[in-house]
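To start, the structure under review is shown below, and the notes come after it.
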Amino acid sequence: MIGYITIGVRDIAKAKSFYAELLADLGASVLMEMDRIAFIGKSMDQPMLAVCVPYNEADPHPGNGNMFAINAGSKENVDAMYQKAISLGATCDGEPGQRIPDMFYGAYVLDADGNKMAFYVFG
């Protein structure tokens with residue numbers, strides 16, 4: 001159902017590099033790019049993440065309560081993706097841990113523009 005999610009960024013080159021490197025271990029890469037937008041994913045027919053300088057060129061504004069989540073596939077991968085995001089310059093918004101007993105394990109970070117993302121696994 002979801003084709004792609006777009007997040008606003010200030011520096012397209014920096015954001016493209018951050019997300020391409022962060023998601024590479026999941027098989028993602030930059031699939032398409034233009035002047036102010038880049039699409040990152042596994043293929044054009046699967047959900048993608050787009051990083052984009054806003055059309056009006058004003059600063060992006062992450063929404064309070066907005067977040068996108070990446071299924072890491074395992075608790076170990078949640079931990080690894082969290083650590084990788086931090087090493088690439090993200091800030092912690094919730095260390096890896098069990099959130100719902102036996103159901104949801106997750107970690108949360110903010111990118112350089114304040115966009116919130118979760119790495120998670122159910123089960």
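Could you grab me the full set of residues in region 42-56 that are in contact with a helix residue (DSSP H, G or I) (Cβ under 8 Å, 6 or more places away or on another chain) and within 16 Å of PHE68 (Cβ to Cβ)? Talk me through it step by step, then tell me what you get.
The first filter runs over region 42-56 and keeps only residues in contact with a helix residue (DSSP H, G or I) (Cβ under 8 Å, 6 or more places away or on another chain), leaving 42, 49, 51-53.
Within region 42-56, LYS42, LEU49, VAL51, CYS52 qualify.
When you go through (1) in a strand (DSSP E or B); (2) charged (D, E, K, R); (3) outside the structural domain of TYR120 (by TED's automatic domain parsing) one by one for GLU21, which number turns out not to apply?
Among (1) in a strand (DSSP E or B); (2) charged (D, E, K, R); (3) outside the structural domain of TYR120 (by TED's automatic domain parsing), the lone unmet condition for GLU21 is (1).
Which condition number does ILE2 fail, the rest of (1) in contact with a Pro (Cβ under 6 Å, 6 or more places away or on another chain); (2) of a type in the set (A, V, I, L, M); (3) in the same structural domain as GLY123 (by TED's automatic domain parsing) being met?
The number of the failed condition is (3).
Only one of (1) within 24 Å of THR6 (Cα to Cα); (2) outside any strand (DSSP E or B) fails for ALA107. Which number is that?
Unmet for ALA107, out of (1) within 24 Å of THR6 (Cα to Cα); (2) outside any strand (DSSP E or B): (2).
State the number of residues belonging to region 84-104 that are surrounded by 15 or more Cβ atoms within 10 Å (Cβ to Cβ) and not in a strand (DSSP E or B).
Total meeting the criteria: 4.
Only one of MET81, MET34 is exposed (fewer than 13 other Cβ atoms within 10 Å of the Cβ) and more than 17 Å from ASP113 (Cα to Cα). Can you tell me which?
It is MET34.
Test ALA24 against the stated conditions and say whether it is crowded, with 18+ Cβ neighbours inside 10 Å and within 23 Å of TYR120 (Cβ to Cβ). Lay out the reasoning, then the answer.
Values: crowded, with 18+ Cβ neighbours inside 10 Å: no; within 23 Å of TYR120 (Cβ to Cβ): yes.
Criteria not met by ALA24.
The values are calculated or read from the model by the stated rules, or taken from the named source; none is laboratory data. Predicted model, so just to flag it, every value in this text is computed and none were measured. Note: ideal-geometry Cβ built from the backbone for every residue, glycine included; neighbour counts use all protein chains shown.
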